[in-house]
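Please treat every number below as a calculation from the coordinates, not as lab data. Just so it is clear, the structure is predicted and the values come from calculations on it, not from any experiment. Reconstructed Cβ throughout: ideal geometry from the backbone, glycine too, with neighbour counts over all protein chains shown.
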Amino acid sequence: MESGSSDLTTMVAGLGCADIVDAMGRLHQHRAHIVGMTSPTPGRVLFGPAATITFLPYRDDFTEAAALGFAGWFYRAVGPDPRGLVLVLSSGGYPEVSHGGGTKLSRVDNHALAGVLADGRLRDFNELAGYRFATWCRGEATRWGGDTVLPCAANLPVEVGGVTVAPGDFVFADRSGAVVIPAPSVRDVLAEARRVQADDQRFLAEIRTEDPAALARGGHQSEQR
């Protein structure tokens with residue numbers, strides 16, 4: 001994880017995806033939320049800066065990309081200091097196809113990455129659940145997908161679920177979804193997410209003491225999310 005960001009784990013502790021999505025909406029104007037993700041360990045929260053691998057539809061004349069293989073693109077993406085990174089895999093237009101499995105992704109565990117966010121399916125959920133990292137993807141696959149998509153670039157901006165993920169962006173995912181935070185504003189966004197939580201607690205207190213009759217007549221009420 002980036003130098004000087006050791007406090008980010010503390011800042012994000014206890015936050016949920018919805019809190020951060022609301023905070024992003026207050027501070028940024030672009031779409032940042034990703035839905036429809038699943039995990040072999042849905043109780044694990046994923047958080048860290050992104051390292052990206054671009055997948056494209058398979059072509060038999062892309063010999064240089066194919067020769068490098070997943071391993072080569074993985075090491076190009078994560079660089080010399082992989083600890084704490086989130087490996088982000090684009091779909092290549094085929095989100096229902098396997099983009100990897102327990103064997104290839106054992107490298108994520110070996111090098112202590114925070115986890116994987118894949119805009120495609122992954123194989124071997126039982127194996128992935130046994131690793132220390134968090135995995136979020138489009139679902140489990142059974143068939144190898146290397147004849148349908150192939151990795152072809154590392155650390156370029158990619159699209160995941162309608163959201164741009166740039167290398168270094170911070171990725172957060174839990175059972176409700178994922179959100180992508182630009183690195184320069186990550187602390188501001190997390191601090192705003194705390195304020196979102198505080199606002200929710202205030203709304204809860206207001207709801208407990210609200211006057212149903214007055215509200216039914218059209219009385220003023222704060223907007224709750």
*Where the centroid of each part is defined by its Cα atoms, how far is region 69-91 from region 149-179 in Å?*
12
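Within region 113-195, report the chymotrypsin sites (Phe, Trp or Tyr not before Pro) that DSSP leaves as loop and that have at most 11 other Cβ atoms within 10 Å.
Listed in order of number, the matching sites amount to none.
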*Only Cα pairs under 8 Å and at least 6 apart count here; give the relative contact order of region 19-97 as a rounded whole percent.*
41
_Give the residue list of trypsin sites (Lys or Arg not before Pro) in region 146-204 that are DSSP loop and have at most 16 other beta-carbon atoms within 10 angstrom._
Arg175
_Choice from Asp169, Asp199, Asp19 with maximal GNM fluctuation in the chain (Cα, 10 Å cutoff)_ = Asp199
*Determine the shape class of region 79-181: with a ≥ b ≥ c the square roots of the Cα gyration tensor eigenvalues, call it rounded for a/c under 1.5, and otherwise prolate if a/b is greater than b/c, oblate otherwise.*
rounded
*What residues qualify as long-range amide H neighbours of Val160, i.e. H under 5 Å apart, gap of 5 or more or another chain, H built at 1.01 Å from N?*
Val165
*Enter the angle in degrees (range 0 to 90, nearest 10) between the Cα long axis of helix 63-78 and the first principal axis of the Cα atoms of the chain, meaning the one along which they spread out most.*
40
*Given springs between every Cα pair under 10 Å in a Gaussian network model of the chain, which of Met24, Met37, Met11 has the largest fluctuation?*
Met11
_5 angstrom amide H check on Gly84, placed H, neighbours 5+ away_ = Leu113, Ala114
*If one takes the longest principal axis of the Cα atoms in the chain, at what angle in degrees, from 0 to 90 and to the nearest 10, does the Cα axis of helix 186-208 lie?*
40
*Under 1.5 on a/c is rounded, so check that first for region 138-201, then, if it is not, pick prolate when a/b is larger than b/c and oblate when it is not; a ≥ b ≥ c are the square roots of the alpha carbon gyration tensor eigenvalues.*
oblate
*Using only the Cα atoms of the chain, build the gyration tensor, take square roots of its eigenvalues as a ≥ b ≥ c, and label the shape rounded, prolate or oblate: rounded if a/c is under 1.5, else prolate if a/b is larger than b/c, else oblate.*
prolate
*So which residue, out of Ala71, Ala183, Ala18, gets the largest mean-square fluctuation from a GNM of the chain using Cα contacts under 10 Å as springs?*
Ala71
_Relative contact order (percent, whole number), the chain, Cα cutoff 8 Å, 6+ residue spacing_ = 30
_Given R₀ = 35 Å, what would the calculated FRET efficiency be for Thr103 paired with Asp7, taking r from the Cβ atoms and rounding to 0.05?_
0.50
*asked:* If you take every DSSP beta bridge fully contained in the chain, what fraction is antiparallel? Give it as a percent rounded to 5.
replied: 60
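Among the chymotrypsin sites (Phe, Trp or Tyr not before Pro) within region 10-117, which fall in a DSSP loop and have no more than 16 other Cβ atoms within 10 Å of their own Cβ? Present the calculation step by step, with values, prior to reporting the outcome.
Working: sites: Phe47, Phe55, Tyr58, Phe62, Phe70, Trp73, Phe74, Tyr75; in loops: Tyr58, Phe62.
Taking region 10-117 and a limit of 16 other Cβ atoms within 10 Å, the loop chymotrypsin sites (Phe, Trp or Tyr not before Pro) found are Phe62.
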_the chain: angle of helix 17-27 to the longest principal axis, Cα-based, in degrees nearest 10_ = 80
*Expressed as a rounded percentage, what relative contact order does region 99-225 have, with Cα pairs under 8 Å and six or more residues apart?*
15
